[in-house]
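> One structure follows; several queries about it will come next.
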Amino acid sequence: MSNFKAFMKENVAEAELVDLTLSRFAEPIKLRPVPSEEADLINERCFKNVAGKRGRQERVFDPVAYNRRMNVAAIVHPDLNNTELQQSYGVKGAEALYGKMFLVGETSLISEKVQEISGLDETLEDQVDEVKN
């Protein structure tokens, strides 16, 4: 029988920051895993109401906004909320800075790393293959 005390907050290891090197920048960015509770809030903010059939409102999920917001939430360094950094790119807000600061390939690398460190790196196909073996 296992000991539930192993799951008590004081007995759980802190999640560590992870460095991600992007060739255009002199130093790596630092990422943190996104906790489930925060991901749920981000998820909820990524639904919007649009006119559907017969004028009814339908809730539609925006996966692009979700990925962007997850990545912004995970970036610890540089601080995307830093006003001086935002001014240097001519934008206001962390999401706008993220869009202006990183190239599409870099955002893809960031997404992959955020998913990996947040425990989302394994696809359903990977899990099925693991069960088969």
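The values are calculated or read from the model by the stated rules, or taken from the named source; none is laboratory data. Computed from a predicted structure; not experimentally measured. All Cβ positions, glycine included, derive from the backbone under ideal geometry; neighbour counts span all protein chains shown. Protein only, heavy atoms only, side chains kept; ligands, DNA and RNA dropped before computing areas. Shrake-Rupley method; radii C 1.70, N 1.55, O 1.52, S 1.80 Å.
> Which of the pairs Lys9/Lys92; Lys48/Lys92; Lys9/Lys113; Lys30/Lys92; Lys30/Lys100; Lys48/Lys100 have their Cα atoms more than 28 Å apart in this structure? It would help to have the intermediate numbers written out before the result.
Numbers: Lys9/Lys92 37 Å; Lys48/Lys92 22 Å; Lys9/Lys113 25 Å; Lys30/Lys92 21 Å; Lys30/Lys100 18 Å; Lys48/Lys100 24 Å.
Over 28 Å Cα-Cα: Lys9/Lys92.
> Then there is this: If you count, for each residue, the other Cβ atoms within 10 Å and average over each peptide, how do 108-121, 36-49, 12-25 line up from highest to lowest?
Numbers: 108-121: 16.6, 36-49: 12.8, 12-25: 10.8.
Descending mean neighbour count gives 108-121, 36-49, 12-25.
> Where does the chain land at 222 nm, in deg cm²/dmol rounded to the nearest 500, when only DSSP H runs of n ≥ 4 count, each adding -39500 (n - 2.57), divided by all residues? Don't jump to the answer; show the numbers that get you there.
On the way: 6 runs with 60 residues, N = 133.
So the calculated ellipticity at 222 nm is -13000 deg cm²/dmol.
> Another question, then. Ranked highest first by the average count of other Cβ atoms within 10 Å around their residues, in what order do 63-71, 76-84 fall? Walk me through the numbers before you get to the answer.
Numbers: 63-71: 16.7, 76-84: 12.8.
Order by mean packing, descending: 63-71, 76-84.
> Using the eigenvalues of the Cα gyration tensor, what equivalent ellipsoid semi-axes result for region 70-121 when each is taken as the square root of five times the eigenvalue, whole Å, largest first?
Values: eigenvalues 95, 26, 10 Å².
Square roots of five times the eigenvalues give 22, 11, 7 Å.
> Something else now. When Cα extents along the principal axes in Å is calculated directly from the model, which label among [x] 72, 33, 24; [y] 58, 29, 27; [z] 57, 53, 33 fits?
Computed from the coordinates, Cα extents along the principal axes in Å corresponds to [z].
> State which helices in the chain qualify, where a helix is a whole DSSP H run, it must extend 18 Å or more along its own axis by its Cα atoms, and its mean Kyte-Doolittle hydropathy must be at least 0.0.
Working: long enough: 104-117 (20 Å, 0.04).
Span-like helices here: 104-117.
> Also, I was wondering about something else. Using amide H atoms built 1.01 Å from N in the peptide plane, name the residues 5+ places from His77, or on other chains, whose amide H lies under 5 Å from its own.
Lys30
> Report the local net charge at Glu38: Lys and Arg +1, Asp and Glu -1, summed over other residues whose C-beta lies under 14 Å from its C-beta.
On the way: positive: Arg32, Arg45, Arg69; negative: Glu37, Asp40, Glu44.
Neighbour charge sum, excluding Glu38 itself: 0.
> At 7 Å along Cα-to-Cβ for each site, give me the label-to-label distance between Asp121 and Lys48 in nm.
Modelled inter-label distance: 3.3 nm.
> On the accessible surface of the chain, probed at 1.4 Å, how many percent belong to carbon and sulfur atoms? Walk me through the intermediate numbers first.
Working: 5100 of 9970 Å².
About 51 percent, which is the carbon plus sulfur part of the accessible surface.
> For Glu84 and Glu38, what does the FRET efficiency come to when R0 = 25 Å and r is the distance between their Cβ atoms, rounded to the nearest 0.05? Walk me through the numbers on the way to the answer.
Working: r = 26 Å, r/R0 = 1.02.
Rounded to the nearest 0.05, the efficiency is 0.45.
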